[in-house]
Structure formats: C-alpha cells, structure tokens
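Working notes, structure below.
All of the numbers you see were taken from the coordinates with simple rules; none came from a lab. Everything numeric here is computed off the predicted structure, so don't read it as measured data.
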Amino acid sequence: MKAVLRTLAAVLTGLLVLFILVVAVELFSAVVHPLPADFGGTKEEMCQHVERYPYWVLAVVVPAWAVAAFASVWTARRIGNFYSSAIVGLLLLAALAFNISKLPYPTWFKFANLLVIPTAVFAGSARRSVTKTTGAVDGN
C-alpha cells in the first residue's frame, strides 16, 4: 500500500511541476505575443492567433516545453519509481499530441516537439546512476 501511495504522490507531484512550468511558458508567450483586445475565445480566433505566432517565440517554446517535460518526469521518477515517471510521461505525450493536432502550428514546430519532448521524457525517466562512494544504485 505504501508503494502505491508513493507512486500516486510522485505522479501528482510530477504533474504539478509540469503544470507550473507549462503555465510559465504560456505566460511568457502571452507577454511576447498577447491575445488581441477583441479576442472572443472561439476556436477560429485561437487558430488565427496561433498562425500568427512569430517563429522566434515558437523556437523558444520548444526547449522550454522540453525542460518542463524533463523536470516533471524526473521529479516523478525521483519521488516514486519508473512507473510514476511513465504515467507522467504518457499523460504529457498525450497532451502534446492533442495540442499539436488541434492547433495550426507550423510543421517544423510539430516535428521539433515530437522529437524533443519524447527525448526529454526518456531522459527524465532513465534509471539513476550508481554512486561512486557506496556502489549502491540510487533509485528503484
């Protein structure tokens, strides 16, 4: 039971880290490419807004989202175990696929995210290394 609770806590903490970092990236995006004053929140208006993103903003967002992915999966792995990080990683990849399929991002942006973010998820969930001082494995 303790392992299940620890896994659940790790998943929730990893998702919280992800949420905080993605909100930070989106706040940056809102500052450098704000919504128009007459924005009504419709899907068509959001698509137009996304189509007008400057490429430099998207180029900053790719590594920022990758850092968010790595940090969230790493946190889940550190607190819990591989299963914790896998759950966070799979939820994150599902959200990424949904996001890039619903909005008209440039093809290069979609490709970059589909390359960089799974790599960050894999790196964040990797087994921690053997410590030199004790020879013990640090992790599950």
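Here are a few things to note about the model shown:
- Each listed q (0.13, 0.17, 0.19, 0.26 Å⁻¹) maps to a log10 I(q)/I(0) for segment 43-110 from the Debye sum over equal C-alpha point scatterers, namely -0.46, -0.69, -0.80, -1.11.
- Acute angle (nearest 10 degrees) that the helix 107-125 long axis makes with the longest principal axis of the chain, alpha-carbon atoms: 20 degrees
- Whole-Å distance, taken between Cα centres, linking segment 7-60 and segment 68-94: 20 Å
- Normalised by the number of residues in segment 1-105, the mean separation of alpha-carbon contacts (under 8 Å, six or more apart) gives a relative contact order of 47 percent.
- Principal-axis tilt of helix 2-32 within the chain, Cα atoms, nearest 10 degrees: 30 degrees
- Helix axis angle, 82-102 relative to the chain longest principal axis, alpha carbon, degrees: 10 degrees
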